[in-house]
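Q: Submitted below is the structure of interest, expressed as structure tokens.
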Amino acid sequence: MNERPIGIFDSGIGGLTVLSEIRRLLPAEHTIYLGDTARVPYGIRSAETVTRYSFECASFLMRQNIKMLVVACNTVSAISLPLIPERVNVPVIGVIEPGARAAAAATRNNRVGVIGTEATVKSGAYSKAIKNIKNNIEVHSLACPLFVPLVEEGWTDGEIARLVIEKYLSGIKETGVDTLVLGCTHYPLLKPTIQSVMKDVALIDSAIETAKTVKELLEKTGTGRTSPEAAQHGFFVTDSPEKFISVGEGFLKRKIEDIKKIALPMEV
Ligand code: DGL
């Protein structure tokens, strides 16, 4: 069990921010990452479609003999996370709960902002999770659909990024939130620019919080890898690997070598 890899999936490249934190915190663990690059973005799709795609990703990873499943995508975590454990026989971790816990712990004035894709915001999942922890927290949620393409283009700083961020976040700023959840895989890459617009606001990075949860669960279940041999990291994508490699190596700050293209749904 301990030698088996941790499986991580996302709608595309953004989940590499979660993988990056897992690898930083748990360098001994083997990982397998699946990016559904042929069908990204999920954030503009219906709940039914997101759920179907997520089942396909989860069952592909189960065939890789993983010991734990990490749903790096905020949109999937917001919409279909409760349904996935019924279909897999390993522990499943999403990004919403860890982010919500960190936000509830960080706020001093009980006003929290959440930004994410349209589907994540529409689901109300972050708001519910935060209020479950502390029901007197006021949650202000906002979809920022242009942030994903900005990051995909590598425009994470500079004037265009700053103007787009200022325009989206002006309303949330006026609500007086002291904590802002970056509720989308791509947003941690905009963190310095978001911070320059939202001065004195604590930014919650779901990727970091999720990696901490993975570590806690491995410790609790005694399933962490202890072998001194170097960990292996495999990648699967559903579209051609070239763009994934060029943009992804920037996200991951490491080389992406072992990568294969697959088709979803799998032919059975
Ligand atoms: N991975 C998605 C998320 O975290 C962002 C990209 C998409 O819309 O698929 O919500």
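Q: Condition first: free of Cβ contacts under 8 Å to residues at least 24 places away in the same chain and either more than 17 Å from ASN110 (Cα to Cα) or among the β-branched types (Val, Ile, Thr) (or both). Now tell me which residues in the stretch 159-198 satisfy that.
A: Selection gives GLU159, ILE160, LEU163, VAL164, LYS167, SER170, LYS191, GLN195.
Q: Tell me which residues, restricted to the stretch 153-185, are within 15 Å of the chain's Cα centre (by Cα) and either outside any loop (DSSP other than H, G, I, E, B) or more than 15 Å from the ligand (Cβ to nearest atom) (or both).
A: VAL181, LEU182, GLY183
For (1) touching a Lys or Arg at 6+ places or on another chain (Cβ under 7 Å); (2) within 16 Å of ALA207 (Cα to Cα); (3) in a strand (DSSP E or B); (4) polar (S, T, N, Q), each residue gets a yes or a no:
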| position | (1), (2), (3), (4) |
| --- | --- |
| ALA78 | no, yes, no, no |
| LEU83 | no, no, no, no |
| VAL90 | yes, no, no, no |
| ALA100 | no, yes, no, no |
| ARG108 | no, no, no, no |
| GLY113 | no, no, yes, no |
| SER127 | no, no, no, yes |
| ASN132 | no, no, no, yes |
| ASN135 | no, no, no, yes |
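Q: Can you tell which of PRO149, PRO192, PRO188 is within 16 Å of the ligand (Cβ to nearest atom) and surrounded by fewer than 18 Cβ atoms within 10 Å (Cβ to Cβ)?
A: Going through PRO149, PRO192, PRO188 in turn, just one is within 16 Å of the ligand (Cβ to nearest atom) and surrounded by fewer than 18 Cβ atoms within 10 Å (Cβ to Cβ): PRO149.
Q: What tally of residues in the stretch 12-63 results from selecting those that are of a type in the set (Gly, Ala, Ser) and assigned to a helix (DSSP H, G or I)?
A: Final tally of qualifying residues: 5.
Read the figures in this text as sums done on the coordinates, not as results from a lab. This is a predicted model, so every value here is computed, not measured. Neighbour counts are summed over all protein chains in view; Cβ atoms, including those assigned to glycine, are modelled from backbone coordinates with ideal geometry.
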